[in-house]
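Here is the structure we will look at, set down as structure tokens.
The values are calculated or read from the model by the stated rules, or taken from the named source; none is laboratory data. Just so we're clear, the structure is a prediction, and the values are computed from it rather than from any experiment. When we count neighbours, we look across all protein chains shown, and the Cβ atoms used for this are built from the backbone with ideal geometry, even at glycine.
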Amino acid sequence: MSLRDAIDNLYEKLVADAIDETHHPDDDEDFLTDVMCVALNRLPSKYYRHSVDMVFYMAEGEMDAMKKNSLTAVKEAREFVRGHRREL
């Protein structure tokens, strides 16, 4: 196992969940990948090694705030990507 496989960024899961929550039938994989990148770049990193550690050490209400921030970042990223699409 490499060091890269030993840690995760909680926001990656939260953003993926927010993308699923806001899914539109006409969204293609390239669009969603761009949305995820833009959204993650607008959020802070929240790295953890074991998910049980993350839950144990989080302040009350912190997870709800992170989910809300993720959803907001995804909605804003969708608009940004729609407005900046490149034709290949």
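General observations
- With respect to being at positive phi and surrounded by fewer than 10 Cβ atoms within 10 Å (Cβ to Cβ), Gly83 falls outside the description.
- Some residue of region 66-75 being in contact with an Asp or Glu (Cβ under 8 Å, 6 or more places away or on another chain), assigned to a helix (DSSP H, G or I) and among the basic types (Lys, Arg): yes
- Residue pairs meeting the criteria (Cβ under 9 Å; at least 6 apart or on separate chains; first touching a residue at least 12 places away in the same chain (Cβ under 8 Å) and closer than 18 Å to Asn9 by Cβ, in region 54-65; second part of a helix (DSSP H, G or I) and of a type outside the set (Asp, Glu)): Met54/Leu10; Met54/Met63
- Some residue of region 29-42 being modelled with pLDDT of 90 or more and either farther than 24 Å from His84 by Cβ or loosely packed, with under 11 Cβ neighbours inside 10 Å (or both): yes
- Criterion applied to Arg78, Arg49 was being modelled with pLDDT under 95 and either more than 15 Å from Leu14 (Cα to Cα) or within 16 Å of the chain's Cα centre (by Cα) (or both), and the one residue passing it is Arg49.
- In the set (1) within 13 Å of the chain's Cα centre (by Cα); (2) loosely packed, with under 13 Cβ neighbours inside 10 Å; (3) among the acidic types (Asp, Glu); (4) modelled with pLDDT under 95, Asp20 fails one condition alone, (4).
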